[in-house]
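Data block below; observations after.
The values are calculated or read from the model by the stated rules, or taken from the named source; none is laboratory data. Everything quoted here is computed from the prediction, not taken from an experiment. Here the Cβ is made from the backbone with ideal geometry for all residues, glycine too, and neighbour counts use every protein chain on show.
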Amino acid sequence: MINESEIANMPEGFHGKFRTIVNGKLCTWFIQNLIEATNHLQVLDYPIKELEQYLDVNTWFHGDKEPSPLKIIEHWRRMETANLEHPIIISKDHGVMDGVHRLMKAYYFNHQTIRAVVFQRCPAPDHIAE
């Protein structure tokens, strides 16, 4: 099984991760596995208005990560180059699991919808911290 330091040191982006607390435990999903799990899901034009709440939370700067100007520029560049043809991944349980840069871009350019796949039931996490 993969350990916490390996998870913490994974590169961001396509092979990134989504983490959240579930039942008091830190759960991690690897983005690559989430993408593969969406193969059977229909791509929808999802209303951005229903996702605005995810644009007002601290998505990246947790623990010892500080929102320095350089880090903000890095995320801005990722937003600029984000490909809106790739659907974001939404879970009814956990919200936007992948695609915040794409969501930012669509919101910034005043799109009304964004391509999305939605898990009605989220797949099991790849790792649960003990």
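Assorted remarks:
- Extreme residue, modelled with the lowest pLDDT, among residues of the range 26-59 that are polar (S, T, N, Q) and surrounded by 12 or more Cβ atoms within 10 Å (Cβ to Cβ): T59
- Among the residues making up the range 34-87, those that are of a type in the set (A, V, I, L, M) and under 20 Å from V118 (Cβ atoms) are L34, I35, A37, L41, V43, L44, I48, L51, L55, V57, A82, L84.
- Selection from the range 13-58 of residues that are under 23 Å from D126 (Cα atoms), among the charged types (D, E, K, R) and either in contact (Cβ under 8 Å) with a residue 60 or more places away in the chain or not in a helix (DSSP H, G or I) (or both): K17, R19, K25
- Filtered residues of the range 61-90 (kept if exposed (fewer than 13 other Cβ atoms within 10 Å of the Cβ) and closer than 18 Å to L34 by Cβ): N83, E85
- Index of the failed condition, I72 passing every other in (1) assigned to a helix (DSSP H, G or I); (2) in contact with a strand residue (DSSP E or B) (Cβ under 7 Å, 6 or more places away or on another chain): (2)
- Hey, R77 out of contact with any helix residue (DSSP H, G or I) (no Cβ under 7 Å at 6 or more places or on another chain) and closer than 30 Å to K25 by Cβ or not: no
- Against the criterion of being under 19 Å from N110 (Cα atoms) and of a type in the set (A, V, I, L, M), L70 does not qualify.
- Scan of the range 91-121 for residues that are crowded, with 19+ Cβ neighbours inside 10 Å and either part of a loop (DSSP other than H, G, I, E, B) or not charged (D, E, K, R) (or both), ordered by number: S91, V96, M97, G99, V100, H101, L103, M104, A106, I114, A116, V117
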